[in-house]
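Read the structure below first, then the notes.
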Amino acid sequence: MLRLQIQARSASYQGCPVWVPLPRRMPQIPYALMEGATPIAAQVVEREGRLWLVWIEPNLPKGARKLYTLRPHPQRTHGFQHTQTDNAIQIAYQQKPFASHVRTGAPKPYLYPLYGPTGKPITRHFPMAIVQGESIDHPHHRSVWFAHGDVNGVDFWNEGSGKGQIVPREEVRIESGLVLSRIIAHNDWIAPDGKILLEETTELVFYAAPEARWLDYTVTLKAIEERVRFGDTKEGTFGVRVACSMEVKRGEGGQIVNAQGQRDQAAWGKRAEWCDYTGPVDSEIVGIAIFDHPTNFRHPTYWHVRDYGLFAANPFGIHDFEPSQPDGTGDHTLTKGQTLTLRYRLYLHKKRTDQAGVGEQFLAYCHMPDVTTR
C-alpha cells in the first residue's frame, strides 16, 4: 500500500492526465487510487529508467490537495487494448476504436482514423479513403503526422517523386492498460539518394475519459549526417487535417482560436502556446487543440493553420510567417549526433474552446502537481 499526497500549486487538474514519479519499483498491475468509495484507475509506466504513476484526475483545483491510497484495482474493468496488423497498430478504449498508427503503405507514418470524444472520426478521411463531400486537396495531409518540407534541401512534407521518405524501422514498445496506451517507434528519414539524414524516435501516448481524449506526441530527431539543416519554410511540421465539416471556410461553424485570442485567418503564422480548431462533426461541436510544450524549441511556436482544415505547429518557418524577416531566419542546424526533441499534446474535446477549458488543460499539461509519498 502506498499513500500519495497530491497538491496543485501551478494549475488546476480537472479531468486530465496526471503523471507523478514513484519512489520505488512496483509491479505493473491494474491499480486504483482511493480517496472515497469510487476507485480511480491508475497505471504504472516505465519511462527512461524511471517509474511513473498515471491517472485521469477528476477534480483537483489550483491550491487544493488530496490524500490518495494506492491499491490493486478492486474491479474487473476495461481500459485500453492494442492490436497489431501487418501495417498498423490499432488502439481501442473500452473496446471501442480510438486510433490507428499506420506504419506502411505511405511515405511516412501517420495516425488514421482518429476518433474524437463523441466516438466519431475527427480528422479528414482523404487520401486514405474517399468520402462523398470531402475535399481532396493536399493528398500529403494524412490525418495526423510529423514531417518537414526542407531537411538539407529534401522535402519530407510533400509526397511523390524526388521527395524524402520517413521509413519505419522498429517498434520498441507497445503497451496498454487501464489509463493509457503507449507506442515507442524508431523511423529513418531517408533522402531520394538513399542517404539516412535523421533517426527519429517517436513516443505516442493515448488517454481517454468520458468527455475528452488526449494524445501526447513526442519526437526526437538525431542527426546522422555531419550537418542536418531544417530549412525556413511554412511546409511543416507537426500536422493535423481536421474533419472537413469543421473547416472554417465551409461556414458551418468551424472556428480557429489561439492562446492570444486571435481567430480564424488572423491566427495563421502567429506565435502562441496553443491553438484550437473547433467545429461540427455530425451536428455536435468538437475540437482539436494542440499544445506546444514550454520546453520546445522556439516556444511558443508558429501556427501554420488554415481555414481549409490544415492545422500545424511549425517552429522553423519564420520568413514565411514574418515576411519582414530575411529568408533563412528560421533555419536550424544539428551537427552529427545532436538531437532535437519536440513535445505536443492533442486535446480532443467537446464544445467550444472556452467551454472545454483549453487554457486550463494547457497549464495542467505544462505543470505536474507536487507529490509526497508515505
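The values are calculated or read from the model by the stated rules, or taken from the named source; none is laboratory data. In this text, all values refer to a predicted model and were calculated from it rather than measured experimentally. Cβ coordinates were reconstructed from backbone atoms using ideal geometry, including for glycine residues, and neighbour counts include every protein chain displayed. Heavy atoms of the whole protein, side chains included, go into the accessibility calculation; ligands, DNA and RNA do not. Shrake-Rupley method; radii C 1.70, N 1.55, O 1.52, S 1.80 Å.
Points worth noting:
Here's the yes/no breakdown for (1) closer than 30 Å to Ser324 by Cβ; (2) within 22 Å of the chain's Cα centre (by Cα):
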| position | (1), (2) |
| --- | --- |
| Gly149 | yes, yes |
| Trp157 | yes, yes |
| Gly162 | no, no |
| Val179 | no, yes |
| Ile184 | no, yes |
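- Counted residues, segment 1-31 - those being within 24 Å of the chain's Cα centre (by Cα) and among the hydrophobic types (A, V, I, L, M, F, W, C): 6
- Qualifying residue in segment 312-329 (condition: under 26 Å from Gln361 (Cα atoms) and exposed (fewer than 15 other Cβ atoms within 10 Å of the Cβ)): no
- In segment 330-347, residue surrounded by the fewest Cβ atoms within 10 Å (Cβ to Cβ) [restricted to those that are farther than 21 Å from Ile122 by Cβ and among the hydrophobic types (A, V, I, L, M, F, W, C)]: Leu340
- Checking each residue of segment 123-146 against the condition of being of a type in the set (D, E, K, R), open to solvent by 40 Å² or more (accessible area, probe 1.4 Å) and out of contact with any Pro (no Cβ under 9 Å at 6 or more places or on another chain) gives at least one match.
- In a residue-by-residue description of segment 48-61, the property of being among the charged types (D, E, K, R), modelled with pLDDT of 95 or more and open to solvent by 30 Å² or more (accessible area, probe 1.4 Å) applies to no position.
- Set Arg298, Arg343: member being basic (Lys, Arg), under 17 Å from the mean Cα position of the chain (by Cα) and under 25 Å from Leu197 (Cα atoms): Arg343
- If only residues of segment 250-309 that are within 18 Å of Glu322 (Cβ to Cβ) and basic (Lys, Arg) are counted, the one that is surrounded by the most Cβ atoms within 10 Å (Cβ to Cβ) is Arg306.
- Close pairs from segment 275-304: first farther than 15 Å from Ala259 by Cα and β-branched (Val, Ile, Thr), partner part of a strand (DSSP E or B) and open to solvent by 10 Å² or more (accessible area, probe 1.4 Å), Cβ under 6 Å, at least 6 apart: Val286/Lys350
- Check on Ala106, surrounded by 14 or more Cβ atoms within 10 Å (Cβ to Cβ), within 25 Å of Ser161 (Cβ to Cβ) and at pLDDT 95 or above: yes
- Matching residues, segment 156-192, being more than 19 Å from Gln90 (Cβ to Cβ) and open to solvent by 30 Å² or more (accessible area, probe 1.4 Å): Asn158, Glu159, Gly160, Ser161, Gly162, Lys163, Gln165, Val167, Arg169, His186, Ile190, Pro192
- Cβ-Cβ contacts under 6 Å between residues 6 or more apart (or on different chains), taken from a first residue in segment 348-374 that is among the aromatic types (Phe, Trp, Tyr) and open to solvent by less than 10 Å² (accessible area, probe 1.4 Å) to a second residue that is in a helix (DSSP H, G or I) and modelled with pLDDT under 95, are absent.
- Residues that are within 30 Å of Asp188 (Cα to Cα) and touching a residue at least 60 places away in the same chain (Cβ under 8 Å) do not occur anywhere in segment 55-76.
- Qualifying residue in segment 203-210 (condition: surrounded by 23 or more Cβ atoms within 10 Å (Cβ to Cβ), of a type in the set (A, V, I, L, M, F, W, C), over 23 Å from Phe316 (Cα atoms) and within 18 Å of the chain's Cα centre (by Cα)): yes
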